[in-house]
1. Quick one: in segment 1-21, which of the residues that are surrounded by fewer than 13 Cβ atoms within 10 Å (Cβ to Cβ) and at pLDDT 85 or above is nearest to Pro75 (Cα to Cα)?
2. Consider Ala16 carefully, then state whether it is farther than 13 Å from Leu92 by Cα, of a type in the set (A, V, I, L, M) and under 15 Å from the mean Cα position of the chain (by Cα).
3. Pick from segment 104-125 the residues that are in contact (Cβ under 8 Å) with a residue 40 or more places away in the chain and not in a loop (DSSP other than H, G, I, E, B): which of them is surrounded by the fewest Cβ atoms within 10 Å (Cβ to Cβ)?
4. Against the conditions (1) assigned to a loop (DSSP other than H, G, I, E, B); (2) free of Cβ contacts under 8 Å to residues at least 24 places away in the same chain, where does Pro136 fall short? Just the number, please.
5. Of everything in segment 69-103, what is closer than 19 Å to Asp21 by Cβ, free of Cβ contacts under 8 Å to residues at least 60 places away in the same chain and surrounded by 15 or more Cβ atoms within 10 Å (Cβ to Cβ)? Give them in sequence order.
6. Just one of (1) more than 20 Å from Asp8 (Cβ to Cβ); (2) touching a Lys or Arg at 6+ places or on another chain (Cβ under 8 Å); (3) surrounded by fewer than 20 Cβ atoms within 10 Å (Cβ to Cβ); (4) free of Cβ contacts under 8 Å to residues at least 60 places away in the same chain trips up Ile57, so point out which.
7. Confirm whether Leu89 is in contact with a His (Cβ under 9 Å, 6 or more places away or on another chain) and modelled with pLDDT of 95 or more.
8. Go through segment 119-142 and give me each residue that's within 14 Å of the chain's Cα centre (by Cα) and under 21 Å from Arg96 (Cβ atoms).
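The values are calculated or read from the model by the stated rules, or taken from the named source; none is laboratory data. Remember, predicted model here, so these are calculated numbers, not experimental data. In this analysis, Cβ positions are derived from the backbone assuming ideal geometry, glycine residues included, and neighbour counts consider all displayed protein chains.
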Amino acid sequence: MTATKAHDLLLVVAAALVDPDGRVLIAQRPEGKGMAGLWEFPGGKVETGETPEAALIRELREGLGIAVKEPCLAPFTFASHTYGAFHLLMPLYICRRWDGNPQSLTHAALKWIRPRELLASADTYPMPAADLPLIPMLRDLL
């Protein structure tokens, strides 16, 4: 058994919002935040006492101005990735139904894109390392 360095665990949650054309929404991290300029699946930190679903509903409301109901969140997969000082654990949910039109309330930009195009456009839409393994799974699903 190999010993590994202990890291603080950061629990975040994300959604692959899927439109009727099979595109997913990605959001660009704004200036002043860690990993600024990178594209990600919308979501955010799970606060103490929140379930991942409640956190995602809150984050989508605050970040995109949309209303999502818990039955519309389908658990899909998760990312587990170590960044320097912390280890990120991120459940990813598929969401095909919401109320409202996503708006960029906390992000620099939003983009609807097909997962296969996202794979081919890695230089145009660079993503955090934790998000990269999720893209082929979304491509295969959609």
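1. In the first step, residues of segment 1-21 are kept if they are surrounded by fewer than 13 Cβ atoms within 10 Å (Cβ to Cβ); the result is 1-6, 8-9, 19-21.
Checking the rest, the ones that are also at pLDDT 85 or above come to 8-9, 19-21.
Numbers: Asp8: 24, Leu9: 20, Asp19: 17, Pro20: 19, Asp21: 20 Å.
Per the stated criteria, the residue is Asp19.
2. Criteria not met by Ala16.
3. Ala109
4. With (1) assigned to a loop (DSSP other than H, G, I, E, B); (2) free of Cβ contacts under 8 Å to residues at least 24 places away in the same chain applied to Pro136, the lone miss is (1).
5. Within segment 69-103, Cys72 is the sole residue that qualifies.
6. Here Ile57 meets the rest and fails (3).
7. yes
8. Passing the criteria: Asp131, Leu134, Ile135, Met137, Leu138.
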